[in-house]
Amino acid sequence: MEYAGACPTALSGEDALRARSLELARQLRTAAIRGDKLRITSLLSELVRVKGAMPGRKIAVQALTDVIDSLRSVAITDELTGVYNRRGFLDIGTRFLDVARRDLQCAYLVYLDLNDLKHVNDTAGHSAGDVLIRETGRFLRELFPSHGIYEVLGRLGGDEFAALTSDAKCPPRSEILLRARMPQACAGDRPPLSLSVGLAYFNPLLPIGIRELLENAEHAMYEHKRVIRLASPALYSISRA
């Protein structure tokens, strides 16, 4: 005698299509991250050939759209820190400034540079330098806790970071440096962060582009670095040795 609950209920046609489309999307993300071009081609071919009723095709299209969004996120994110990379910062920062200009809202760009990364790489190895870079990303997120809403955070290069904010309470250079040196800003036995900091102001009535704003903040950062170099020449003689 057979009982109604003895066998698992078969998936409906639409549920089966949804499950297969989602599985294809998952495999496609994995193949894209690994750079497996043959696998990507095969999976894309199968995904766009999904058979069935219109709901099934819509599911496949949505799955493919989700994959594209996921891949775009990977392309504009810095792997070490989780903030935007330079491409992402320029892209999202451009839109951020467009909104600020439209809403007549001021903005500030904070440019950070790690003073001792080269010294750490040369003396302790690049793995130690990577730890320092990750810590700087963490510090930046703690400095601007509402990132993603009022701020755009990015790692522009090896030792250079930036934050774009519309918060009128943007911390001044002195506060940023103080917080970087505080014990709670450190992890484990790592010494406090040694930073050079530059700030630039965005006036919505006299708007400039993200690249020009970056150049202004970078120039201010190098001016600060020059002051640090004059005040602490030993630091730079060690880091350049």
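What net charge do the residues around Pro145 carry, taking every other residue with its C-beta under 11 Å from that of Pro145, with Lys and Arg at +1 and Asp and Glu at -1?
Neighbour charge sum, excluding Pro145 itself: -2.
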Q) Tell me, what is the FRET efficiency for Tyr201 and Arg134 to the nearest 0.05, using R0 = 35 angstrom and their Cβ-Cβ distance as r? A) 0.75
Q: For a label point 7 Å from the Cα of Arg102 along Cα→C-beta, name the residues of the range 140-155 whose backbone N is under 19 Å from it.
A: 148-152
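Report the full-extension gain for the segment Arg173 to Thr41: residue separation times 0.36 nm, less the Cα-Cα distance, to one decimal in nm.
42.6 nm
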Q: Give me the aspartates and glutamates in straight-line cross-link reach of Lys169: C-alpha distance below 19 Å, same-chain residues under 8 apart excluded.
A: Asp103, Glu142, Glu151
Q: Enter the accessible area of Thr30 (Å², nearest 10), with the probe set to 1.4 Å and all protein chains included.
A: 50 Å²
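Of all trypsin sites (Lys or Arg not before Pro) in the range 89-184, which ones are in loop regions per DSSP and have a Cβ with at most 11 other Cβ atoms within 10 Å?
Lys169
The values are calculated or read from the model by the stated rules, or taken from the named source; none is laboratory data. Everything numeric in this text was worked out from a predicted model, so none of it was measured. Note that each Cβ is placed from the backbone with ideal geometry, even for glycine, and that neighbours are counted across all protein chains shown. When the accessible area is computed, the model is the full protein with side chains, heavy atoms only, and any ligands, DNA or RNA have been set aside. Shrake-Rupley method; radii C 1.70, N 1.55, O 1.52, S 1.80 Å.
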